[in-house]
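> This is the structure, below, for whatever I ask next.
The values are calculated or read from the model by the stated rules, or taken from the named source; none is laboratory data. Because the structure is predicted, anything quoted here is derived from the model rather than measured. As a convention, Cβ positions derive from the backbone with ideal geometry for all residues, glycine included, and neighbour counts pool all protein chains shown.
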Amino acid sequence: MKKIFLMLACASMMATSAMAQMSVVKEVSKMVASGKPDELDQAMMKIMPALTNPETAQNAEAWYLAGKAAFGLYDQVSIMKQMGQQLPMSDDDIAEMLMGGFEFLQTALPLDSVKETNKDGTFKLDKNGQPKVKTKYSKEITDILGSHISDVLTFAGECVNNQKYETAAQAYTNFFNLLDTDFAHKANISLSPEDFAQTKFFQGFSQYYSKDFENCYKNVSLALAGGYTENNAAVYKSSALANIIQSKVDAKDYAGAYQFIDQAIALEPASSLLYDMKGFVVEQEKGNEAALPVYKKAVELDPNNADANYNVGRILYNMGNAVIQANPDATTAQMVPKLQPIYNEAMPYLQKATQIDPEKEKDVKRITDDIDYKYEQMGLKK
């Protein structure tokens, strides 16, 4: 809403008397009724001062007309798009116009209530003794809002196709916020479980490429929980998690890293991925020995987690190197009972990591070749 807010800011500097603004409202009403693109555009500009003038900012008609003008322009652009015509505005401008329409009409709704009066100016009362209230625009506003919710979802998908990921991410967020409104319920707008999961994935997908990794992780997790497995959804989830944790570790924010990952584990206590990532945090903060049981927990939860198997083997290898460094004067014979159990334990994990994921062969071979060399030096069989 940046441009519309800018328009409002400029309008506030041009605001005049309430009487003058009400005169503008009447003029704008005729322009909006015409439905002509040029007049709708002019109507948007003309109505803005009335939205900021203290005397008219609570006027339902002013907000109603602003919303109708915004949606009218959006509808005209949509028709041009369907006809393959060159559009007069960018995707960001279209998003501003669409979401501006929602903002203006949603502001108008609670203002659209007028107390009915008798001829003598007193309020008409209902059976409970409360003033009777009538509305003028609410039904039309509700209908307009309900009929445009699906446009937000369509627009979000178009932005994904055009790689406008930040705009798409915001559009998906707006869409889900709109689903919780009364006018969406009245229009019977909802998503099936399958559509919900798919839409959550594309929201997370857009957030991933907008580098909003925490929201990406949350929404792709919801998609996967809903049964969505297409488009490498699980990969996006794990990559988003890695980016979140890496950024916190880089900032030495270990407390923040643990808080995020422990909250995630509370929701998915059987997640091997989460324990593998927690092992990484522990390793960075506390070292190999503290991290080993966490990585082993990840393998226990999923024996086919290649990363977790590799990390257990790698950590054991590192612990063997630490033993060597801690005993610089020890003889080979003295080192055998210290190193053999560690390397014997490490090798199966490393070998399994390669079996599960052949792409790890290069990293695994570097370690196993060194272990083989040390076996040879110690006179041990592989």
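> Quick test for you: out of 100, 72, pick the one residue that is touching a Leu at 6+ places or on another chain (Cβ under 8 Å), closer than 17 Å to residue 43 by Cβ and either of a type in the set (Val, Ile, Thr) or in a helix (DSSP H, G or I) (or both). Even if it seems obvious, please write down each step before you answer.
Details: 100 fails: touching a Leu at 6+ places or on another chain (Cβ under 8 Å).
Unique residue meeting the criteria: 72.
> Here are some residues: 163, 86. Which one is without any contact (Cβ under 8 Å) to a residue 60 or more places away in the chain, on the phi > 0 side of the Ramachandran plot and either of a type in the set (Gly, Ala, Ser) or in a loop (DSSP other than H, G, I, E, B) (or both)?
Values: 86 fails: on the phi > 0 side of the Ramachandran plot.
The unique qualifying residue is 163.
> Additional query: Hey, among the residues in region 103-134 that are among the small types (Gly, Ala, Ser) and either loosely packed, with under 14 Cβ neighbours inside 10 Å or farther than 19 Å from residue 68 by Cβ (or both), which one's nearest to the chain's Cα centre (by Cα)?
If we filter region 103-134 for residues that are among the small types (Gly, Ala, Ser), which is where we start, we get 108, 113, 121, 129.
Narrowing further to those that are either loosely packed, with under 14 Cβ neighbours inside 10 Å or farther than 19 Å from residue 68 by Cβ (or both): 113, 121, 129.
Numbers: 113: 36, 121: 52, 129: 48 Å.
Among residues in region 103-134 that are among the small types (Gly, Ala, Ser) and either loosely packed, with under 14 Cβ neighbours inside 10 Å or farther than 19 Å from residue 68 by Cβ (or both), the one nearest to the chain's Cα centre (by Cα) is 113.
> Please go through (1) under 19 Å from residue 235 (Cβ atoms); (2) aliphatic (A, V, I, L, M); (3) over 13 Å from the mean Cα position of the chain (by Cα) for residue 184 and return the number of the only condition it doesn't satisfy.
All conditions are met except number (1).
> Restricting to region 337-357, give me the number of residues that are basic (Lys, Arg) and under 9 Å from residue 306 (Cα atoms).
Looking only at that region, the number is 1.
> Please find, within region 23-67, the residue that is nearest to residue 104 (Cα to Cα) out of those that are among the hydroxyl-bearing types (Ser, Thr, Tyr) and buried (at least 18 other Cβ atoms within 10 Å of the Cβ).
Filtering region 23-67 for residues among the hydroxyl-bearing types (Ser, Thr, Tyr) gives 23, 29, 34, 52, 56, 64.
Checking the rest, the ones that are also buried (at least 18 other Cβ atoms within 10 Å of the Cβ) come to 52, 56, 64.
Working: 52: 12, 56: 14, 64: 7 Å.
Ranking the candidates gives 64 first.
> Which one is farthest from the chain's Cα centre (by Cα) among residues in region 288-327 that are buried (at least 21 other Cβ atoms within 10 Å of the Cβ) and hydrophobic (A, V, I, L, M, F, W, C)?
316
> Mind listing whichever residues of region 307-329 are of a type in the set (D, E, K, R) and modelled with pLDDT under 95?
Taking region 307-329 and keeping what is of a type in the set (D, E, K, R), we get 307, 314, 329.
329 - this is the single residue of region 307-329 that is of a type in the set (D, E, K, R) and modelled with pLDDT under 95.
> Spot the failing condition for residue 304; the list is (1) modelled with pLDDT under 95; (2) outside any helix (DSSP H, G or I), and only one is missed.
Just one mismatch for residue 304, condition (1).
> Quick check, is residue 329 assigned to a helix (DSSP H, G or I), over 19 Å from residue 287 (Cβ atoms) and of a type in the set (D, E, K, R)?
Values: assigned to a helix (DSSP H, G or I): no; over 19 Å from residue 287 (Cβ atoms): yes; of a type in the set (D, E, K, R): yes.
No; evaluated as a whole, the condition is false for this residue.
> Among the residues of region 219-231, what is the count of those that are assigned to a helix (DSSP H, G or I), more than 14 Å from the chain's Cα centre (by Cα) and crowded, with 16+ Cβ neighbours inside 10 Å? Quick ask: steps written out before the conclusion?
Here is the first cut: in region 219-231, the residues assigned to a helix (DSSP H, G or I) are 219-225.
Now restrict to residues that are more than 14 Å from the chain's Cα centre (by Cα): 224-225.
Narrowing further to those that are crowded, with 16+ Cβ neighbours inside 10 Å: 224.
Total meeting the criteria: 1.
> For residue 155, all conditions in the list (1) without any contact (Cβ under 8 Å) to a residue 12 or more places away in the chain; (2) part of a helix (DSSP H, G or I) hold save one; what is the number of the exception?
(1)
> Does region 350-361 contain at least one residue that is of a type in the set (Gly, Ala, Ser) and within 48 Å of the chain's Cα centre (by Cα)? Let's see the steps before the verdict.
Of all residues in region 350-361, those of a type in the set (Gly, Ala, Ser) come to 353.
From what's left, within 48 Å of the chain's Cα centre (by Cα): 353.
Among the residues of region 350-361, at least one is of a type in the set (Gly, Ala, Ser) and within 48 Å of the chain's Cα centre (by Cα), which makes the answer yes.
> Mind telling me which of the residues 306, 298, 322 ends up being in contact with a Ser or Thr (Cβ under 6 Å, 6 or more places away or on another chain) and at negative phi?
On the way: 306 fails: in contact with a Ser or Thr (Cβ under 6 Å, 6 or more places away or on another chain); 322 fails: in contact with a Ser or Thr (Cβ under 6 Å, 6 or more places away or on another chain).
Among 306, 298, 322, only 298 is in contact with a Ser or Thr (Cβ under 6 Å, 6 or more places away or on another chain) and at negative phi.
> Name the single residue that is surrounded by the fewest Cβ atoms within 10 Å (Cβ to Cβ) among those in region 232-287 being in contact with a Leu (Cβ under 8 Å, 6 or more places away or on another chain) and not in a helix (DSSP H, G or I).
Selected residue: 270.
> Of the conditions (1) surrounded by 18 or more Cβ atoms within 10 Å (Cβ to Cβ); (2) assigned to a loop (DSSP other than H, G, I, E, B), residue 211 fails just one. Which one is it?
(1)
> Might you let me know whether region 134-142 holds any residue that is without any contact (Cβ under 8 Å) to a residue 12 or more places away in the chain and in contact with a Phe, Trp or Tyr (Cβ under 7 Å, 6 or more places away or on another chain)?
No, there is no match, as no residue in region 134-142 is without any contact (Cβ under 8 Å) to a residue 12 or more places away in the chain and in contact with a Phe, Trp or Tyr (Cβ under 7 Å, 6 or more places away or on another chain).
> Can you spot a residue in region 178-188 that is more than 18 Å from residue 103 (Cβ to Cβ) and part of a helix (DSSP H, G or I)?
Checking region 178-188: at least one residue is more than 18 Å from residue 103 (Cβ to Cβ) and part of a helix (DSSP H, G or I).
> Using the structure shown, decide if residue 93 is under 29 Å from the mean Cα position of the chain (by Cα), under 18 Å from residue 45 (Cβ atoms) and part of a helix (DSSP H, G or I). Walk me through how you get there before you give the answer.
Details: under 29 Å from the mean Cα position of the chain (by Cα): yes; under 18 Å from residue 45 (Cβ atoms): yes; part of a helix (DSSP H, G or I): yes.
Judged against the criteria, residue 93 is a match.
> In region 105-138, how many residues are under 12 Å from residue 61 (Cα atoms) and at pLDDT below 85?
2
> Looking at (1) of a type outside the set (Phe, Trp, Tyr); (2) exposed (fewer than 13 other Cβ atoms within 10 Å of the Cβ); (3) at pLDDT 90 or above, which one does residue 189 not meet, given that it meets all the others?
Result: residue 189 fails condition (2) only.
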